[in-house]
Amino acid sequence: MGNRKFKIYRGDNTKGELVDYNCDVTEGMVVLDAMHRIQADDANDMACRWNCKAGKCGSCSVEINGRPKLACMTRMNEYSPDETIMITPLKSFPIIKDTVTDVSWNYKQNKRIKPFSPSQNKNNTEKGLVMQQVDVERTQHFRKCIECYLCQNVCHVIRDQGAQDKFVGPRFMIRLASLEMHPMDDADRIPAIKEDYGSGMCNITRCCTEVCPEDIQITDDGIIPLKERVVDRYFDPFMILFRKIFKK
Amino acid sequence: MLDISEIRQIEFDVLVIGAGGAGLCAAITATKESKKVGLICKSLLGKAHTVMAEGGMAASLGNVDKRDHWKIHFRDTMRGGKMLNVWRMAELHARHAADRVIELEQWGAVFDRTKEGLINQRNFGGHRYPRLAHVGDRTGLEMIRTLQDYGIHKDIDIHMECTALDILKDESGKVAGVVCMYRETGEFIIFKTKSLILATGGGGKAWEITSNSWEYTGDGYAMAYEAGAELMDLEFNQFHPTGMVWPPSVKGILVTEGVRGEGGILKNSEGKRFMFDYIPEKFKNETADTEEEAARWLAGDKDARRPPELLTRDVVARAINAEVKAGRGSKHGGAYLDIASERSAEDIKKKLPSMYHQFKVLAELDITKEPMEVGPTCHYFMGGIRVEADTTMSTVDGLFACGECAAGMHGANRLGGNSLSDLLVFGNLAGMGASKYAKELSEMPKFSDEDAKRIIRNATSILNREEGENPYLMHESLQNNMQNNVGIIRTDSELQEGIKNIENLKEKNKNVKANGSSQFNPGWHEALAMRNLLITAEAVARAAHLRTESRGAHTRDDFRDESEEWYQYNIISKKGEDGTMQVIKERRKDADPELERIANATLEDLEAEVAEERKS
């Protein structure tokens, strides 16, 4: 496949530039392989995050020619041979160095979420929880998330409005959805989803779903149902009446 | 001059290094008994190697086949380990695995279900019954995310992207702390601690073809070794039979054993299902000898015996190796792994979604239509830090180890699925053992400033040198050496050559140089890891040279059989007084007679015994 041209962001949050590199590319190579080759030969101190190299850990999130992607799952042959490949850090997070960003904000959001609270009903048995496959499938679908934060990176509320203090972002909306839809979870997170986690901030542009490398239906299966639950609880007149009558 | 009082210090009762399954489980358990618990990890939280585990975790829950029992799990484990396992560790594991899996579910794990709504279990190599609790083929992700999401609400002080450099001890030889470095800033920090748990995983990154990530540089082995602890069984390196072989850039990436557990078969270039030719004598009675019987087993016939593709990993890896050597390899030098002809496309996508995705993207191959090409890849260390079974304490006071970095549980070969359950069982025991030890210490042990200075100076000299060796190229030569001379099939001359090369690399490493500053500098990190990789590689090569037999994952071309004599011995590696590595044969402790009886019982007898026990 021959020698290819790259432009990679080098620098930190205060200053930096796109630096030109060349790299020989062989069959089957992914962008991360090229970054490693460049690192070993020409740029020993170039920072890049990675772990599994198989799309399972979500460490190597970068923007490639402006599109948020996992570098380990992006094949070089997706680009035409004369195209220069530009690799830049995730735009929504502060740059630590080169393509590595500070994603600690995401860890703080997770900590705000009330964890799994197992019900102590009759289905919590000595042999474990009794749940049917069909009832856990939605939760399992959300639990495929590898925390690459590509969805957080493209979320308009975070990327364009910078409203990190008002919305936990798509990753944690589906974390919440996975808990709320868990058949054996007892906690009620609906008030917090409305008030603290900012479900109303999302205006359903589906950008998060589009970039998800695990094909999780973040918007349709996760965020929208949560928004509906909030609406049912707080804005549905029939339900308000129902609750008043039955004191629920 | 370096002044230690200017380096930040934090105190803990229990500090855990490594945030994979074992480390997280140890830290969570430690919070029950200890006030100040710390956890440091080289990557971001949730990215450790556990995340890549695919197939499942083995536990005798008996949800799919009620005949399962800890005794049968124990027997399978010992036979898989070629009886070299530390008896008590294999017993503890088999007895406690089921409780730990159920506990994990209470902490939030969502396993696949049986028709009755219980945790589903799948077949795997070497396990008599369907035993692996799983979530499709992403069980490791489920496990680490569960522990992470649960653990962040416990009182654990977590330091991410922080590399441990070396262990500090007090005058009496007790653990006193560890010197670390934040990768982001290059800032050094000293964690003082009463007890220290290593959960640092293995050292598979010393090989070229490996399923391991950059983190697997044997840090725990090397730090423990430098602190005077004993390493054991380092010659046993598991080569997983099915790694990807094509294209070159993905060579070594794991293809889960779950493919075979779900019915996948292995074929050579002539289209022959060759595993029937490689059934070891010991397993003949328990393995199908015709394709017809194997098909019946897959269809659920409980009287049929297991297909030979599900023999233990050492056997399957050697068989693929032999087929390739005999000129019957696949197009790119592996074997064909075919699930397309055995299961429907819908089943495959449901049961093995990440394999489907991995091959589709990385190899442009649809596994529901075509066979995969697979070959052996360095995967797992059975050996590691020698520990006491019940407490997991090493031979250094206050130093504990659990998970892959500890030795003994898996003997000469690990069964698939026994790793994730090992992490939970021994992570738990380590958390308890280390807490108990810390409680009994009246005061924090004191390290010497000189030791801390030496560790920091060793690290900074790599940056400060005017010129020197490129760490990336050093690493590549070590990987070539281990691949060619200390690989899956070993002989005296190659091992000697391998050791000689490691000695040369050790000399060169004294002059390794990283360019750039100390801030998030992978070249520096790579150079720091080189020492650990070299200690690990040397211990492996020397132990492999000493063990003149073939057992489990250790295969000697010049000593092809298991030896009665060697069954009596472990190989121990330790840093000698003169600073060189001492590698010695040490006689094993006698087995508990009851455990020995269970391990050696015939399957029929043991099944009858278990059935009888249940009646009464």
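The values are calculated or read from the model by the stated rules, or taken from the named source; none is laboratory data. From a predicted model like this one, the values you see are computed outputs, not experimental measurements. All Cβ positions, even for glycine, are placed from backbone atoms using ideal geometry, and neighbour counts span all protein chains on display. Ligands, DNA and RNA are stripped out before the accessible areas are found, and what is left, the full protein with its side chains, is counted by its heavy atoms. Shrake-Rupley method; radii C 1.70, N 1.55, O 1.52, S 1.80 Å.
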Over region B:240-378, with neighbouring protein chains present, the accessible area per residue in Å² at probe 1.4 Å is 40
Placing one equal point scatterer on each C-alpha of chain B and summing with Debye, one gets log10 I(q)/I(0) at q = 0.09, 0.11 Å⁻¹ equal to -0.67, -1.03
Computed from every Cα-Cα pair in region A:1-109, P(r) in 10 Å bins starting at 0 and rounded to whole percents is 15, 50, 30, 5, 0
Two pseudo-spin positions, 7 Å from Cα along C-beta at B:K500 and at A:L241, lie apart in nanometres by 9.3
Rg/Rh of the protein assembly as shown (Cα atoms, Kirkwood Rh), to two decimals, equals 0.95
Expected sort for B:231-244, A:193-206 on mean C-beta neighbours within 10 Å, highest first, is B:231-244, A:193-206
Residues from region B:47-62 losing no less than 20 square angstrom of accessible surface in the full protein assembly compared with the chain alone, 1.4 angstrom probe, ligands and nucleic acids excluded, are B:K47, B:V51, B:M52
Distribution output for region B:250-315: share of Cα-Cα pairs per 10 Å bin in percent, first bin at 0, values 20, 52, 24, 4
Cα-based Rg and Dmax for region B:1-158, in Å, come out at 18.3, 68
Of the accessible area of the protein assembly as shown, computed with a 1.4 Å probe and all protein chains kept, carbon and sulfur make up a percent value of 48
So, for the Cα atoms of region A:76-187, Rg and Dmax in Å stand at 18.9, 64
Mean accessible area per residue over chain A (1.4 angstrom probe, all protein chains present, square angstrom) is 44
Result for chain A, cysteines with no Cys Cβ partner under 4.7 Å, is A:C23, A:C48, A:C60, A:C72, A:C145, A:C148, A:C155, A:C202, A:C207, A:C212
Phi angles of region A:215-221, converted by Karplus (6.51 cos²θ - 1.76 cosθ + 1.60, θ = phi - 60°) into ³J(HN,Hα) in whole Hz with x for Gly and Pro, give 6, 7, 7, 4, 6, 5, 8
Ratio for chain A, C-alpha Rg to 2.2 N^0.38 Å, reads 1.21
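Given the convex hull of the Cα atoms of region B:83-214, what is a quarter of its surface area in nm²?
Mean shadow area of the hull around the Cα atoms is 12.5 nm².
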Ordered by number, the residues of region B:149-187 that have at least 50 Å² less accessible area in the complete protein assembly than on their own chain alone (1.4 Å probe) are B:D149, B:I152, B:H153
Two pseudo-spin positions, 7 Å from Cα along C-beta at B:K350 and at B:T491, lie apart in nanometres by 5.0
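Using only atoms on other chains, find how many Cβ atoms lie within 10 Å of each Cβ of peptide B:518-527 and report the average. List each step's numbers first, then the result.
Working: counts 1, 5, 10, 5, 14, 7, 2, 2, 3, 1.
Per-residue shielding by partner chains comes out at 5.
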Region B:465-568 -> Rg/Rh from Cα coords, Kirkwood Rh, value 1.11
Asked for the total accessible area buried by B and A (1.4 Å probe, Å², nearest 100), one would answer 5300
Rounded to the nearest 10 Å², the accessible area of B:D590 using a 1.4 Å probe with every protein chain kept is 140
Counting every C-alpha pair in region A:106-248, the percent lying more than 26 Å apart is 28
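Which percent, to the nearest 5, of DSSP beta bridges fully inside region B:240-378 are antiparallel?
That works out to approximately 90 percent antiparallel.
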On each of the three principal axes the extent of the alpha-carbon atoms of region B:269-379, given in whole Å and largest first, is 41, 34, 28
Share of Cα-Cα pairs in region B:371-433 beyond 20 Å, whole percent, is 30
For B:S616 the rounded accessible area (nearest 10 Å², probe 1.4 Å, non-protein molecules ignored) is 120
